[in-house]
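Working notes for the structure below.
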């Protein structure tokens with residue numbers, strides 16, 4: 001798809017498998033890098049091929065796993081980007097399928113940090129030319145935090161491609177688990193309407209949050225006799241999704257499907273995925289579902305390939321030069 005002589009794709013740590021899928025879509029090999037950890041906890045990383053004059057893409061999804069926390073992964077991304085710039089890369093693009101620290105994007109209490117902006121400033125300071133991510137928690141806040149170009153990619157097309165064959169001929173309602181996700185739900189609804197040739201219904205849950213405690217509210221809209229598709233940007237502990245699914249069932253939904261771009265599955269989320277109110281959970285592969293038991297994941301979870309979306313974006317970016 002692209003000339004590997006002019007473009008280089010690297011992937012760090014646990015994101016290597018994702019990087020291999022992405023580079024496979026581009027039909028180029030993943031470039032090798034050295035990553036070393038020292039006994040005192042410090043580390044270094046460097047490209048093992050020349051990047052002088054190249055258009056370079058670094059794949060690193062910023063979620064915590066069993067080996068590294070979000071902060072350490074961010075640090076490794078920054079250091080590697082700096083090494084690439086010092087090695088005379090023409091342009092460095094950070095490909096971050098899941099962007100950590102994106103949920104703290106505004107002040108909600110006195111003296112609150114705006115962590116999304118601080119991350120942006122660090123990325124810019126290391127000479128990164130562009131950031132690509134998928135379905136940031138607040139797209140407007142993400143785009144406004146950076147002073148360099150950004151590509152905010154969406155999983156709507158992935159969900160539509162998967163859902164349309166399943167939903168054809170059925171009565172459907174697209175549900176937002178809270179009023180804040182209404183725009184995301186509207187985008188999926190419009191995409192499904194085009195694919196199905198019929199307009200799905202719409203609904204949202206009037207969720208309340210106070211002191212970190214989430215409480216369910218009434219369901220606004222009709223899902224009775226329909227397949228309810230609940231759409232969100234991520235599943236953390238799953239509390240919001242579980243309440244939305246219960247509301248849909250109580251309102252007469254015949255089936256409940258959950259679609260969320262990032263499946264973090266924290267805490268008791270396995271119980272949520274296994275809940276009888278939910279028929280299936282569909283996520284992108286921006287975060288591997290390593291916290292779910294294999295049996296449960298095999299029975300209830302569908303993981304969609306988002307690497308091709310990033311590959312297409314990289315191809316368009318590179319071809320435009």
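The values are calculated or read from the model by the stated rules, or taken from the named source; none is laboratory data. Quick caveat: nothing in here was measured; it's all calculated off a predicted structure. A quick note on method: Cβ atoms are made from the backbone with ideal geometry, for glycine too, and the neighbour counts reach across all protein chains shown.
Which one of 297, 269, 311, 284 is surrounded by 19 or more Cβ atoms within 10 Å (Cβ to Cβ), assigned by TED's automatic domain parsing to the domain that holds residue 223 and under 20 Å from residue 161 (Cβ atoms)? Show your work before the answer.
Values: 297 fails: under 20 Å from residue 161 (Cβ atoms); 269 fails: under 20 Å from residue 161 (Cβ atoms); 311 fails: assigned by TED's automatic domain parsing to the domain that holds residue 223.
Matching residue, one of 297, 269, 311, 284: 284.
Output the number of the condition that residue 23 fails; it satisfies all remaining conditions of (1) over 19 Å from residue 150 (Cα atoms); (2) in contact (Cβ under 8 Å) with a residue 12 or more places away in the chain; (3) in contact with a strand residue (DSSP E or B) (Cβ under 6 Å, 6 or more places away or on another chain); (4) surrounded by fewer than 23 Cβ atoms within 10 Å (Cβ to Cβ).
(4)
Scan segment 119-138 residue by residue and report those that are in contact with a helix residue (DSSP H, G or I) (Cβ under 9 Å, 6 or more places away or on another chain) and part of a helix (DSSP H, G or I). Please lay out each step first, then the result.
Just the residues of segment 119-138 that are in contact with a helix residue (DSSP H, G or I) (Cβ under 9 Å, 6 or more places away or on another chain), to begin with: 119-123, 125-128, 130-138.
Within segment 119-138, 119, 120, 121, 122, 123, 125 qualify.
Which of (1) farther than 26 Å from residue 164 by Cβ; (2) without any contact (Cβ under 8 Å) to a residue 40 or more places away in the chain does residue 243 not meet, given it meets every other one?
Every condition holds for residue 243 apart from (2).
Just need a number here: residues in segment 100-126 that are in contact with a strand residue (DSSP E or B) (Cβ under 9 Å, 6 or more places away or on another chain) and either over 15 Å from residue 144 (Cα atoms) or without any contact (Cβ under 8 Å) to a residue 24 or more places away in the chain (or both).
1
Within segment 153-169, is even one residue at pLDDT 95 or above, under 30 Å from residue 82 (Cβ atoms) and over 16 Å from the mean Cα position of the chain (by Cα)?
Checked against the condition, which is being at pLDDT 95 or above, under 30 Å from residue 82 (Cβ atoms) and over 16 Å from the mean Cα position of the chain (by Cα), segment 153-169 yields no hits at all.
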